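Beneath this line is the structure, given in structure tokens, with notes to follow.
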Amino acid sequence: MTRIAIDPVTRVGGHLRIEAEVTNGVVTDAWSSGTMFRGIELILRGRDARDAWLLAQRVCGTCTGVHALASVRAVEDAIGVTIPRNARLIRNILAGSQLVQDHVVSFYHRHALDWVDLPAGLSADPVATSAFARSVSERPLSNPSYFKNAQDRLARFIDSGQPGPFANGYWSHPAITLPPEASLMVLAHYLEALDLQRRTTRIGALLGGKNPHPQTFLVGGMALSPPWGGPKHSMAGEHPQQLERTPEALGARGLSDLGDLMTQLRTFVEQVYVPDVLAIAGHYVDWAGIGRGLGSYLSFGDLPEDDASQPALLLPSGRVVDADLTKVAMVDQAGIAETVAHSHYSYDGDDDALRPPAEGRTEPRYAGPKAPVISLEGSAKYSWLKAPRYQGQPMEVGPLARLLVGYAAGPGDARARVDGVVARLGIGPDALLSTLGRTVARAIEAQVVAGRLGGWIGDLTANLATGDLAIADVAAWDPATWPRAAQGWALGEGPRGAVGHWIRIVDGRIADYQIVDASTWNASPRDAKGGRGPLEEALVGTPVADPARPVEILRTVRSFDPCPACAVHLLGAGPGVRVDLRLLEGAVR
Ligand code: MG
Ligand code: NI
């Protein structure tokens, strides 16, 4: 038996340590540890509740707007405010475009290097690569010179002596078997996805004022100026160069620019991201039998399609329990509770208790190893993540959870998409309960949401054209209109899965605040009953060819796209505490 520690896990959003026991080439047990305490929930206490979203989104530099949205919704729920249609559409466009961008980055810049071989890609024939790329996608750009240019750029980058993210990959690993042409194809798209990200973050700049960390949320709606003359308003009199840089987001130029950016995102997802993921999935189809995990999935649902109090949702709400894809169970906020039995927190001496977030608390109490951390073995408490449970059970969240909830709900778009993909890969729908399934589900979801973004721009343009310029319920801004004491919550979905914020407000100030992030669910430690978290469970059974280079473990970890920064919400190494950071793979020193 070998005990492997990967710390830090690179190419994830935050500080994550994974330990695994490997026996006869297979993971037999695993521990997921968030190694950083952030204290956002404590920082929020006592603040003006109107600022909650601005501070809460600082929980992360990747998920940003996800937490701004959940937070502003929690306040609106507490004080009983309904936002105008324009605000709903703007929020959907911001959240939806962030989700699509994030999925693209998740695949190319965090996950693809687990499947692709850089040396093979550098020696691939660009002509053969072009032929291969044209066999998987009808993209006009896929000519030999496109791939030759990308190969030359990569070679120059590697030869520069500062190869950055390509420095410490597990290249030429026996488990990385992708053909050279497929490797070069994905590596070329890796470079192009960087450029796409640079261009499409402008969506966040236009509608959010900046990216990351949008600045335009407001209790009651959005803080964007309505176009003075409606969407046909022209910006006559402004300096042309100024117009070029900063068109008014909701004017004709801004809406047209936003529409162009949505088209760029959608085109890349349809012509590049989805075909690449399916090509990789077709080659590594054995990974449909690895990383299965718990088989229980939770989605709060999000992206409201109408203004009803119980709106139709683009991302569905529900639970799939015990891998039963024939039915969907309901989600009730009251089913959610967190334990700190194995987390570095205290619950007044009853750390095994399951506390609902509305009564939750964040009292850090480090009880891990004090010597250099060689192993977490023997530490009852081993993570800064709490362990959220639904009716006492661990649940996987994220794109796969949403896709399976949609599939289990019956005939419809999700079922048709799943049926199409599994038929193409020659697997059954059950095989999506796997490492491969998480990666494929993320791509399918990106296509669904990217396909809807243009529609929301159209709906927004049409609604503004009717003369409805309301963007916020301005009365909601004044806490004098609020109840003296109020409690609320918001359950929604970010790229990584279900996100919940709970708030208690007294005299306009935040009395209590609790966040249960998607990665708190997925990367959670064990609970009081000893039950593993979803990621821990998924790692059991993963084959490991070479314990010194555990790329297979990282495949399953990154299939969740974990963000422990969000999940624990100061690296507090007190006197005598040393943190052992071994740069095992991909890290930049
Ligand atoms: Mg929390
Ligand atoms: Ni995050």
The set of residues whose placed amide H lies less than 5 Å from the amide H of residue 549, leaving out same-chain residues fewer than 5 positions away, is none
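Based on a Kirkwood Rh over C-alpha pairs, give the Stokes-Einstein translational diffusion coefficient of the range 152-212 at 37 °C and viscosity 0.692 mPa s in µm²/s.
Values: Rh = 14.0 Å.
It diffuses with D of about 234 µm²/s by this estimate.
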Please work out the C-alpha center-to-center distance from the range 541-570 to the range 241-317 and express it in whole Å.
24
Charge dipole of the range 2-567 about the Cα centre (unit charges at C-beta), most positive-ward option of 283, 174, 197:
197
For the range 351-415, compute Rh as the Kirkwood radius over C-alpha pairs and then the Stokes-Einstein diffusion coefficient at 25 °C and 0.890 mPa s; write the answer in µm²/s, rounded to an integer.
158
Exposure proxy ranking, count of Cβ atoms within 10 Å, fewest first, for 105, 59
105, 59
Karplus-derived 3J(HN,Hα), 6.51/-1.76/1.60, for each residue of the range 334-348, Hz, glycine and proline x:
5, x, 9, 8, 10, 10, 10, 3, 10, 10, 7, 9, 10, 10, 6
Estimated inter-spin distance, residue 465 and residue 365, nm [label 7 Å along Cα→Cβ]:
6.2
What are the ³J(HN,Hα) couplings of the range 545-553, residue after residue, when phi is run through the Karplus curve with 6.51, -1.76, 1.60 and θ = phi - 60°? Round to Hz, x for glycine and proline.
6, 9, x, 7, 9, x, 4, 5, 4
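So what is the relative contact order for the range 2-567, in percent, with contacts set as C-alpha pairs under 8 Å and at least six apart? Please report the intermediate quantities before stating the final value.
Working: 1153 pairs, mean separation 146.0, N = 566.
It comes to 26 percent, rounded to a whole number.
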Stretched out fully, how many nm does the piece from residue 260 to residue 286 gain, at 0.36 nm a residue minus the Cα gap?
5.5 nm
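Could you tally the net charge around residue 112, taking each other residue with its Cβ under 13 Å from the Cβ of residue 112, Lys/Arg +1 and Asp/Glu -1? Walk me through the numbers on the way to the answer.
Working: positive: 11, 110, 442, 555, 558; negative: 114, 117, 192, 276, 561.
Summing Lys/Arg as +1 and Asp/Glu as -1 gives 0.
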Between residue 143 and residue 377, the two model label points (7 Å from Cα along the beta-carbon direction) sit apart by a distance in nm of 6.0
Cα centroids of the range 14-41 and the range 430-467: how far apart, whole angstrom?
31
Scattering profile of the range 399-462 from the Debye formula, Cα beads only, expressed as log10 I(q)/I(0) at q = 0.18, 0.25 Å⁻¹, is -0.64, -1.04
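Is there a quick way to get the dipole size of the range 2-567? I mean about its Cα centre, with the Cβ of Lys and Arg at +1 and of Asp and Glu at -1; what is the value in debye to the nearest 20? Intermediate values should be presented prior to the final figure.
Details: 53 positive and 61 negative charges, 127 e Å.
Value, rounded to 20: 600 debye.
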Integer Hz, Karplus 6.51/-1.76/1.60 couplings in order for the range 403-413, x for Gly and Pro:
5, 5, 5, x, 5, 5, 5, x, x, x, 4
Suppose R0 equals 35 Å; then what is the FRET efficiency for residue 192 and residue 423 from their Cβ-Cβ distance, rounded to the nearest 0.05?
0.75
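As a test of the definition: which semi-axes, in Å, follow for the range 115-158 when you take the square root of five times each eigenvalue of its alpha carbon gyration tensor? Largest first, please. Let's see the in-between values first.
Working: eigenvalues 69, 28, 14 Å².
Over the Cα atoms of the range 115-158, the semi-axes work out to 19, 12, 8 Å.
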P(r) histogram, all alpha-carbon pairs of the chain included - 10 Å bins from 0, percent
3, 17, 27, 27, 17, 6, 1, 0
Under a 5 Å amide H to amide H cut-off, with H placed in plane at 1.01 Å, what residues pair with residue 290 once short-range neighbours are removed?
435, 436
Distance in nm between residue 210 and residue 306 label points, each 7 Å along Cα→Cβ, equals 3.9
Nearest 5 is fine: what % of DSSP beta bridges in the range 2-567 come out antiparallel, could you say?
95
Counted neighbours (other Cβ, 10 Å), sorted fewest up, put 257, 7 in the order 257, 7
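Coordinate-derived values only; no laboratory data. Since this is a predicted model, take the numbers as computed values, not measurements. Using ideal geometry, Cβ is built from the backbone for each residue, glycine included, and neighbour counts are taken over all protein chains shown.
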